[in-house]
Amino acid sequence: MASQYFQTMQESFKNNNKSREFQAHSAKVHSVAWSCDGRRLASGSFDKTASVFVLEKDRLVKENNYRGHGDSVDQLCWHPTNPDLFVTASGDKTIRIWDVRTTKCIATVNTKGENINICWSPDGQTIAVGNKDDVVTFIDAKSHRSRAEEQFKFEVNEISWNNDNDMFFLTNGNGCINILSYPELKPIQSINAHPSNCICIKLTRRDDTLPSAVQTLWSVCGTWMSWSVCAACPGWTGP
């Protein structure tokens with residue numbers, strides 16, 4: 001079943017392999033993300049700004065540019081259910097929450113380090129942000145105050161919740177995906193996903209696969225496919 005699903009996806013990408021370029025920033029882009037309704041695409045850049053595009057039929061139209069950070073916008077993400085809110089993480093040691101209806105920053109939260117990754121919990125109540133010192137801070141999305149802070153002994157590259165909001169995932173510099181319970185943050189499992197640095201992770205909406213960069217794609221049953229990502233499921237330790 002899973003193998004057939006991935007083959008269908010691969011065939012779809014092959015048959016619709018078209019690309020267009022859109023000018024969004026004056027420097028390199030670090031992060032892109034779609035809003036929960038799929039209507040807007042946000043991008044964050046080394047030029048210290050974020051941009052938002054609106055999808056109109058077969059093209060993207062630039063809606064607004066968001067300024068305020070004092071350093072590069074290294075990652076951003078949208079609210080899981082509100083298509084008007086997104087949050088940015090910056091090297092200026094802050095995160096900022098933006099509302100596309102007002103085009104203004106509605107909250108700025110100071111953090112201890114230079115931020116490089118960020119995610120919003122599925123219930124919309126918590127924002128997790130990680131910095132260059134491998135500290136992950138959990139921030140209340142309403143009060144904008146820190147709920148918890150966790151220092152890790154390994155290089156943390158990206159973070160994510162599962163859809164049930166009871167597990168927290170990290171990719172690390174050893175090529176592993178670490179799975180923790182949430183909110184306890186107790187280790188559940190470590191998946192040896194890659195032979196080198198594991199850069200990013202994204203769970204599917206079904207919660208049964210977790211694609212991660214950068215070498216291969218594994219289905220939930222452990223078959224290999226020649227894509228530039230890897231997928232595994234909780235409970236599977238790899239080939």
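Name the residues in the range 88-99 that are within 11 Å of residue 50 (Cα to Cα) and either touching a Lys or Arg at 6+ places or on another chain (Cβ under 9 Å) or not in a strand (DSSP E or B) (or both), would you?
Listed by number, the residues that qualify are 88, 89, 90, 98.
Based on what the data block shows, is residue 90 touching a Phe, Trp or Tyr at 6+ places or on another chain (Cβ under 6 Å), touching a residue at least 40 places away in the same chain (Cβ under 8 Å) and among the polar types (S, T, N, Q)? Explain how you work it out, then say what you get.
Working: touching a Phe, Trp or Tyr at 6+ places or on another chain (Cβ under 6 Å): no; touching a residue at least 40 places away in the same chain (Cβ under 8 Å): yes; among the polar types (S, T, N, Q): yes.
So residue 90 does not fit the description; no.
Of (1) farther than 25 Å from residue 84 by Cα; (2) assigned to a loop (DSSP other than H, G, I, E, B), residue 102 satisfies all except one. Which?
(1)
Sort out which residues of the range 117-129 are in contact (Cβ under 8 Å) with a residue 24 or more places away in the chain, on the phi < 0 side of the Ramachandran plot and either more than 12 Å from the chain's Cα centre (by Cα) or surrounded by fewer than 23 Cβ atoms within 10 Å (Cβ to Cβ) (or both), and write them in order of number.
Within the range 117-129, 121, 122, 123 meet the criteria.
Filtering the range 1-48 down to residues that are polar (S, T, N, Q) and modelled with pLDDT of 95 or more, which residue is farthest from residue 81 (Cα to Cα)?
45
Which of the numbered conditions does residue 128 fail, given that it passes all the others? Conditions: (1) under 19 Å from residue 25 (Cα atoms); (2) outside any loop (DSSP other than H, G, I, E, B).
(1)
In the set 149, 158, which member is closer than 22 Å to residue 89 by Cα, modelled with pLDDT under 95 and out of contact with any Gly (no Cβ under 6 Å at 6 or more places or on another chain)?
Step by step, each of 149, 158 is checked, and only 158 is closer than 22 Å to residue 89 by Cα, modelled with pLDDT under 95 and out of contact with any Gly (no Cβ under 6 Å at 6 or more places or on another chain).
Could you check the range 33-84 and list, in sequence order, the residues that are more than 18 Å from residue 201 (Cα to Cα), touching a strand residue (DSSP E or B) at 6+ places or on another chain (Cβ under 9 Å) and among the hydroxyl-bearing types (Ser, Thr, Tyr)?
Those that are more than 18 Å from residue 201 (Cα to Cα), touching a strand residue (DSSP E or B) at 6+ places or on another chain (Cβ under 9 Å) and among the hydroxyl-bearing types (Ser, Thr, Tyr): 45, 49, 51, 66, 72.
Residues in the range 147-161: is at least one without any contact (Cβ under 8 Å) to a residue 40 or more places away in the chain, part of a loop (DSSP other than H, G, I, E, B) and among the hydrophobic types (A, V, I, L, M, F, W, C)?
yes
Just need a number here: residues in the range 138-193 that are among the polar types (S, T, N, Q) and either over 22 Å from residue 120 (Cβ atoms) or touching a helix residue (DSSP H, G or I) at 6+ places or on another chain (Cβ under 8 Å) (or both). Working first, answer last.
At the first step, the residues of the range 138-193 found to be among the polar types (S, T, N, Q) are 143, 146, 151, 157, 160, 162-163, 165, 171-172, 174, 178, 181, 189-190, 192.
Add one more test, that the residue is either over 22 Å from residue 120 (Cβ atoms) or touching a helix residue (DSSP H, G or I) at 6+ places or on another chain (Cβ under 8 Å) (or both), and what stays is 174, 189-190, 192.
Going through the range 138-193 one residue at a time, the tally reaches 4.
Six or more apart or on different chains, Cβ atoms under 9 Å: show the pairs whose first residue is in the range 130-145 and of a type in the set (Ser, Thr, Tyr) and whose second is in a loop (DSSP other than H, G, I, E, B) and buried (at least 19 other Cβ atoms within 10 Å of the Cβ).
137/111
The values are calculated or read from the model by the stated rules, or taken from the named source; none is laboratory data. Fair warning: this is a prediction, and the values are worked out from it, not measured in the lab. Positions of Cβ are generated from backbone atoms using ideal geometry, with glycine treated the same way; all protein chains shown enter the neighbour counts.
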